[in-house]
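The values are calculated or read from the model by the stated rules, or taken from the named source; none is laboratory data. Everything numeric in this text was worked out from a predicted model, so none of it was measured. All Cβ positions, even for glycine, are placed from backbone atoms using ideal geometry, and neighbour counts span all protein chains on display. Side chains included, ligands, DNA and RNA excluded: accessible areas come from the protein's heavy atoms. Shrake-Rupley method; radii C 1.70, N 1.55, O 1.52, S 1.80 Å.
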There are 2 protein chains.
Amino acid sequence: MAYVLACLTQIQNGSDGITVKARGNSISRAVDVAQILTKRFATDIKIAGIAINTEQVKSNITGSMSNVSSIEIKLQKGAP
Amino acid sequence: MAYVLACLTQIQNGSDGITVKARGNSISRAVDVAQILTKRFATDIKIAGIAINTEQVKSNITGSMSNVSSIEIKLQKGAP
């Protein structure tokens with residue numbers, strides 16, 4: 001809900017578009033945020049695009065590189 | 001990896017398109033599956049579309065309804 005509030009604040013401040021990004025296990029939370037925003041709080045906001053990707057992240061413990069999935073959900077005010 | 005293997009099997013059997021679906025916390029795993037498939041095992045397969053949605057799920061414990069986010073990742077053979 002903190003993320004939802006942060007997005008709503010940005011919209012109230014006149015922003016037309018927001019991008020919600022997340023990596024790894026937080027991906028499902030980013031989807032939740034986008035869904036709560038568009039379905040409950042700001043029905044004039046639509047999902048303009050979703051992209052998924054892979055990022056290389058260095059492990060703090062072993063120092064080795066590992067691949068982590070990421071998501072970017074673009075939300076747009078008044079998009080069709 | 002079991003899901004990746006299941007997808008690969010379907011492709012080998014002549015399927016042109018697969019849809020990976022997940023709900024709730026498994027959403028990030030669906031993204032992982034799609035990324036591993038397209039980047040490592042089947043580079044001729046591209047992501048044709050991603051949709052997110054909200055589903056009503058009845059709790060087994062309390063019997064009440066709750067909203068759960070879901071994702072659908074469409075993978076297509078030879079898509080642009």
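At-a-glance table
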{"read-out": "Accessible area of residue B:68 in the full protein assembly, 1.4 Å probe (Å², nearest 10)", "value": "30"}
{"read-out": "Shielding of A:30-42 by partner chains, average beta-carbon count, 10 Å", "value": "4"}
{"read-out": "Label distances, nm, residue B:13 versus same residue in remaining copies, Cβ-directed 7 Å point", "value": "5.2"}
{"read-out": "As computed over chain B, the Cα convex hull volume per residue (Å³)", "value": "93"}
{"read-out": "Folded to 0 to 90 degrees: helix A:27-36 orientation relative to chain A principal axis, Cα", "value": "0"}
{"read-out": "Accessible carbon and sulfur surface of the protein assembly as shown relative to its total accessible area, %, 1.4 Å", "value": "50"}
{"read-out": "Cβ nearest the rotation axis (B onto A), residue from chain B and distance to the nearest whole Å", "value": "B:50, 2"}
{"read-out": "Karplus (6.51, -1.76, 1.60) ³J(HN,Hα), θ = phi - 60°, over segment B:47-55, in Hz, Gly and Pro reported as x", "value": "7, 8, x, 10, 10, 10, 8, 10, 10"}
{"read-out": "About the Cα centre, charge dipole magnitude for segment B:17-58 (Lys/Arg +1, Asp/Glu -1 at Cβ), debye", "value": "80"}
{"read-out": "Largest-first ellipsoid semi-axes for the protein assembly as shown, taking √(5λ) over the Cα gyration tensor eigenvalues, angstrom", "value": "28, 19, 18"}
